[in-house]
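Derivation of every value follows stated rules applied to the coordinates shown; laboratory data play no part. All figures in this text were calculated on a predicted structure; none of them were measured in a lab. In this analysis, Cβ positions are derived from the backbone assuming ideal geometry, glycine residues included, and neighbour counts consider all displayed protein chains.
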Amino acid sequence: MITLGIEGTAHTMGVGIVDSEKGVLANVIDMYRPPQGGLHPREAANHHADAVAPAIEKALSEAGISVKEVDHVAFSMGPGLGPCLRVAGTSARALAYSLGVPITGVNHCIAHIEIGNLLTGCDDPALLYASGGNTQVIAYADQRYRIFGETEDVGIGNMLDKLGRELGLGYYAGPKIEELARSGDVLLDIPYSVKGMDVSFSGILTAAVAHRKKGRRLEDICFSVQETAFAMLTEVTERAMAHIGKDQVLLGGGVAQNGRLREMVDEMARERGARMFVPDRQFCRDNGAMIAWLGSLMYRSGVRMEISDTEVRQRFRTDEVPVTWRS
Ligand code: ATP
Ligand code: FE2
């Protein structure tokens, strides 16, 4: 069965195509980059509206199939930014309707896990999902993917992007901060904020900006922010693994592209006799293939949706979805 998946929760318009037998056939990513400042939901949505049809065509040609061979359409139903979600939803409904094929709306966070399971060979991990809008530790227990820990304020990527703006590094600052951090060596005082299993990042941002005002080097600020924030994530991930007895850890989300985060989680995993798994970069960040793959799993496990069941949900929680595709 061939599923075409449309991702559109935030800045990325992605179209992926998967075959239930052969796996990923195409993964086209078109990211909106605001000319300046942060991400404006309506401007991102306008970008997606322009980008979706070309992305579908490109994905079909990458997969080497015609649109008539698509058996099923999936899309990111939430969580995310309303205007962006509605573009993905409307596009998916129109495509499914015109092809006369079924449609499945999927949870974006769960899609990050399932594409990792497919591509890395792990089967029962704790997922550290660290992206712009989301920061959660998720694992499977009792027919649900449950959230064991999460951010109390912003996602870690949003914090890095805001910091990037304050420091004049431009939007989508994660990669730039990573690069600068490599030349940092002074660990500045930055609040380490873990409460129970949850983390918070706003204090880190405030402290980092204050260090800059005091004339500290950009390199040291980036280094200190990374060391502190990633140590917090590693700690809650480790505690979740211990608590639920998982010996696999999977990284997902755009921030999982960061080499230092990978190093810290990998070291933690090895020390506990566990293993870390990370999918290829294009499948860590937001992408259509993961949406198609989760849609395919859901559909094949018997989930059926009418168009009227596919209303987008900005605050769609990971643990609301009954997991019907795992035994
Ligand atoms: P979601 O909708 O799941 O919240 P998103 O819209 O934030 O996702 P992603 O592509 O998953 O999209 O993640 C983007 C984030 O990843 C941005 O905040 C970006 O700065 C951050 N990022 C990208 N590369 C790196 C890196 N090398 N190090 C740290 N952060 C990074
Ligand atoms: Fe994401």
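A crude spin-label estimate for the pair Arg42 and Ile307, with each label 7 Å from Cα along the Cβ direction, gives 2.7 nm.
Please order Val255, Val199 by the number of other Cβ within 10 Å, starting at the fewest.
On the way: Val255 27, Val199 24.
Ranking Val255, Val199 by Cβ neighbours within 10 Å, fewest first, gives Val199, Val255.
Convex hull volume of the Cα atoms of segment 198-327, normalised per residue: 156 Å³. Here the scattering of segment 32-113 is modelled by Debye summation over its C-alpha atoms, one equal scatterer each and no solvent; at q = 0.13, 0.15, 0.18, 0.19 Å⁻¹ the log10 of I(q)/I(0) is -0.46, -0.61, -0.85, -0.94.
Sites listed here are GluC sites (Glu not before Pro) in segment 95-169 whose DSSP assignment is loop and whose Cβ has at most 16 other Cβ atoms within 10 Å: Glu152. So which DSSP H runs in the chain come out at 24 Å plus along the axis (Cα) with average Kyte-Doolittle of at least 0.0? Passing helices, by number: 82-99, 218-244. Fewest-first ordering of Val106, Val303, Val15 by other beta carbons within 10 Å of each residue's beta carbon gives Val303, Val106, Val15. In this structure, Asp319 and Ala242 have a Cβ-Cβ separation that, at R0 = 30 Å, corresponds to a calculated FRET efficiency of about 0.90.
The Cβ shell under 12 Å around Gln36 holds other residues with a net charge of +1, Lys and Arg each +1, Asp and Glu each -1.
For the chain, what number results from the quotient of the Cα radius of gyration and 2.2 N^0.38 Å?
Values: Rg = 19.5 Å, N = 327, 2.2 N^0.38 = 19.9 Å.
Working it through for the chain, the quotient is 0.98.
Roughly what % of Cα-Cα distances in segment 123-206 sit above 17 Å, to the whole percent?
Working: 1957 of 3486 pairs.
Roughly 56 percent, once rounded to a whole number.
Scan segment 203-310 for trypsin sites (Lys or Arg not before Pro) in coil per DSSP, keeping those whose Cβ has at most 10 other Cβ atoms within 10 Å, and list them by number. Qualifying residues, ordered by number: Lys214, Arg304.
With 16 Å as the cut-off, how large is the P(r) tail for segment 98-137, expressed as percent of Cα-Cα pairs?
48 percent
If eta is 1.002 mPa s and T is 20 °C, what Stokes-Einstein diffusion coefficient results for segment 31-188, Kirkwood Rh from Cα pairs, in µm²/s? It comes out at roughly 117 µm²/s. Cα centroids of segment 249-315 and segment 5-80: how far apart, whole angstrom? Value for the Cα centre distance between the two parts: 16 Å. Annotated for the chain: lysine pairs at least 8 residues apart or interchain, Cα distance under 25 Å, count 10.
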